[in-house]
Each structure stands twice: as structure tokens, then as C-alpha cells.
Amino acid sequence: GQNIDQPTEMTATEGAIVQINCTYQTSGFNGLFWYQQHAGEAPTFLSYNVLDGLEEKGRFSSFLSRSKGYSYLLLKELQMKDSASYLCAVRDGAFNDMRFGAGTRLTVKP
Amino acid sequence: ETGVTQSPTHLIKTRGQQVTLRCSSQSGHNTVSWYQQALGQGPQFIFQYYREEENGRGNFPPRFSGLQFPNYSSELNVNALELDDSALYLCASVGGSENEQFFGPGTRLTVL
């Protein structure tokens, strides 16, 4: 089967660091993506990992371990506007279709 | 702004009816994917079109069908609507350096 698991909800404080984990089991692997989705809006692309290791983009970093089927998204210097759902998605085949997790709803508090 | 547009924004239909949702992809993006997102869930892959041919399909019945046109527009058609079809329908244009998906704003479909 194909499973992509991430925590349902997380809460963090403005200015802090938060790590959102994602584990996956898919029939194939052709890249892992993280998307941010504010309530009522479309998902927006944050990061992409296809090789093991850490990718850093400003306040956001994403890590991948293919052997463990594991990724995390690290958000630093949290801001109130970071309150959103964060979606982990795996591109699992030759096509560009992606399988999404249910998303982690992050609430940033003052 | 991703350059991907969808219409209509909201739509209300009754069970058994048919609906057509529309998407306009970014110019130059030959691949478009359609997703269904139920409340509180991640997007679920419906199907993908490349140069007007379906080249990938998720676990959705045949009453979900699509078309892609040469002008980078596409349609999602759903026949015999069911209550569970109520969801946000997203189209995504595929491109960029990592072949990421650029999502449109979605169409919120309510089936009564």
C-alpha cells in the first residue's frame, strides 16, 4: 500500500523552531515535496528533496532519508503568518503525479 | 500567484447532476494534474494529462473524466454526482526546475 503519515496538529511559539515529520511507504520514489496551505487557499511549493540530506531555503529546511522513508520540514524564527497546514507529498512514479499526506496544521502563538 | 486559474470559484449541484470544472495552466506547461481535497485532508490525485492524453490516474471511478486542450486549458468532468464528491478541486500545472506542481486556487464543489 501507499501511506504518507504526518502529525495532525502542532503548536509552536513565535520566534521558535518547529520540526514537522513525515514518513512514507510508496511503491516508487521520485522525489519528496513539502507544500504550505493556508486555510481556503491552494497549496504553495516550499521544498523538494530527491537525494538524502538537508536542503535549506531561508527559514525553511527539509531533510530526506530514503532508506528510512523519512523526511522533516524545519521552520526557524517562526512568524504568525506561518500558521498553516504543511503537506508532505511523494512523487512515486515516472509520471508527475504526487501522493499527499493529510497535512499538519501548525498554529503559531505569540 | 502561480499563473494557474480555475473556474468557477464555487459551485452548488444536486446529487445525480453533472459538472464541468475548468483550469487554465501556465503557458508552456504541457502537463496538468487534477486533485480532490476533502476538508481536513490532503489532495488526492485524480488524473494527469500530458499533451492532451491521460497518462496517469488515481483511484477514482470512470465518472471522473477529463480533457486537455492545446491552449493549456483543461477540464474535469464529473457525472452522476454523489454527496461525497463535495470537496475542493485543484488543478496543478507541472513545471519548474524540479517539476513541482503549481496549484490553481481551486473550485469548491458542494453536492446537495
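Each reported figure results from applying straightforward, stated rules to the coordinates on display, with no laboratory input. Here the structure is a predicted model, which means the values were calculated and not measured. Neighbour counts are summed over all protein chains in view; Cβ atoms, including those assigned to glycine, are modelled from backbone coordinates with ideal geometry.
Of all the criteria given as (1) more than 9 Å from chain A (Cβ to nearest Cβ); (2) touching a strand residue (DSSP E or B) at 6+ places or on another chain (Cβ under 6 Å), the one not satisfied by B:Glu53 is (2). Considering the conditions (1) within 19 Å of A:Ala42 (Cα to Cα); (2) surrounded by 20 or more Cβ atoms within 10 Å (Cβ to Cβ); (3) not charged (D, E, K, R), B:His10 is excluded by exactly one of them, (2).
Here segment A:52-102 is the region considered, the condition is being within 11 Å of chain B (Cβ to nearest Cβ) and in a loop (DSSP other than H, G, I, E, B), and the residue that is farthest from B:Tyr50 (Cα to Cα) is A:Ala102. Residues in segment B:29-50 that are more than 10 Å from every other protein chain (Cβ to nearest Cβ), surrounded by fewer than 22 Cβ atoms within 10 Å (Cβ to Cβ) and not polar (S, T, N, Q): B:His29, B:Leu39. So, of the residues in segment B:90-99 that are within 19 Å of A:Asp92 (Cβ to Cβ) and crowded, with 24+ Cβ neighbours inside 10 Å, which turns out to be nearest to the chain's Cα centre (by Cα)? Looking at residues that are within 19 Å of A:Asp92 (Cβ to Cβ) and crowded, with 24+ Cβ neighbours inside 10 Å, I get B:Leu90.
Residues to consider are B:Gly42, B:Gly3; find the one that is outside any strand (DSSP E or B), under 18 Å from A:Pro43 (Cβ atoms) and touching a Cys at 6+ places or on another chain (Cβ under 9 Å). Show your work before the answer.
Values: B:Gly3 fails: touching a Cys at 6+ places or on another chain (Cβ under 9 Å).
Sole residue among the options that is outside any strand (DSSP E or B), under 18 Å from A:Pro43 (Cβ atoms) and touching a Cys at 6+ places or on another chain (Cβ under 9 Å): B:Gly42.
Which residues, taken from segment A:1-48, are small (Gly, Ala, Ser) and touching a residue at least 40 places away in the same chain (Cβ under 8 Å)?
Residues of segment A:1-48 small (Gly, Ala, Ser): A:1, A:12, A:15-16, A:27-28, A:31, A:39-40, A:42, A:47.
Those that are small (Gly, Ala, Ser) and touching a residue at least 40 places away in the same chain (Cβ under 8 Å): A:Ala12, A:Gly15, A:Ala16, A:Ser27, A:Gly28, A:Gly31, A:Ala39.
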